[in-house]
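See structure below.
The values are calculated or read from the model by the stated rules, or taken from the named source; none is laboratory data. Here the structure is a predicted model, which means the values were calculated and not measured. Counting neighbours? That spans all protein chains shown, and the Cβs are built from the backbone with ideal geometry, glycine included. All accessible areas refer to the heavy atoms of the entire protein, side chains included, with ligands and DNA or RNA removed. Shrake-Rupley method; radii C 1.70, N 1.55, O 1.52, S 1.80 Å.
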Amino acid sequence: MTIKTEDLLNSILGSLDRIAYIKSKDIPNIDLYMDQVTTFMESHLKSSTRHPGQDKILTKTMINNYAKNDLLPPPKKKKYTKDHVMLLIFIYYYKGILSINDIQELLKPVTEQFFDTKEGFGLEEIYETVFGLEQEQAETMKKDIIEKFQISEKTFQEAPADSQEFLQKFSFICMLSFDVYVKKLLIEKMIDSFQDSKDKAHEKTTREQ
């Protein structure tokens, strides 16, 4: 690798290191007004955005739309609980790859069964378990990214010299894009299977009546 491409790879890997999820212990145990929620999300997730000085993590309009689309239970006396904040964090990560309908389908069972449970297993346990896998997955992703980058460096060796660098980056982007495409397709198939299971259960109930 040249110094230039090595710097690019190190920059990409460094970006992964800056992605840090919000631990449940860092979320206030007191109910928050909307302005406090947006400020909290902004301060904890700003570094993960593409343009930290410009991109908005969460706005009042977004929160209101999530509530209107049944992605988020309504606030209590204009205040949002810790469970509300955890759901908003899930939504923040999902909205870049999934439709509103898919997010609703995915989160609805979680909300119905585990939101605001006073005793026993609740949303916080789900949140901690899922995001607790982050570190291990990040290391696996780094290895995969390095492998794809190294493969891309070997492509287009016969291309015109002044085009090789662009074409190799293009090759790298294509491999990453294909990976995202396949995983997105898999996620959508799994979400569709939830609805298929509900439809079959409804048909069985209807036949038995």
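Annotations for the structure displayed:
- Residue satisfying all of: in segment 137-152; open to solvent by 40 Å² or more (accessible area, probe 1.4 Å) and charged (D, E, K, R); farthest from the chain's Cα centre (by Cα) among these: 147
- Residues located in segment 95-108, provided they are outside any helix (DSSP H, G or I) and exposed (fewer than 13 other Cβ atoms within 10 Å of the Cβ): 96, 99
- Selected residue [outside any helix (DSSP H, G or I) and hydroxyl-bearing (Ser, Thr, Tyr)] from 111, 117, 140, 129: 117
- Options 32, 8, 58, 71: the member that is under 30 Å from residue 152 (Cβ atoms) and among the hydrophobic types (A, V, I, L, M, F, W, C): 8
- Residue 29, sole failed condition from (1) in contact with a Lys or Arg (Cβ under 8 Å, 6 or more places away or on another chain); (2) farther than 15 Å from residue 127 by Cβ: (2)
- Exclusive hit being farther than 26 Å from residue 135 by Cα and at pLDDT below 90, set 4, 60, 78, 56: 4
- Selection within segment 156-186 - open to solvent by less than 70 Å² (accessible area, probe 1.4 Å), in contact with a helix residue (DSSP H, G or I) (Cβ under 6 Å, 6 or more places away or on another chain), among the hydrophobic types (A, V, I, L, M, F, W, C) and without any contact (Cβ under 8 Å) to a residue 24 or more places away in the chain: 159
- So residue 110, is it more than 28 Å from residue 41 (Cβ to Cβ), β-branched (Val, Ile, Thr) and within 17 Å of the chain's Cα centre (by Cα): no
- Scanning segment 90-107 for residues that are within 8 Å of the chain's Cα centre (by Cα) and of a type in the set (A, V, I, L, M, F, W, C) yields 90, 91, 97.
- Residue in segment 61-71 that is under 16 Å from residue 123 (Cα atoms) and of a type in the set (Phe, Trp, Tyr) present: no
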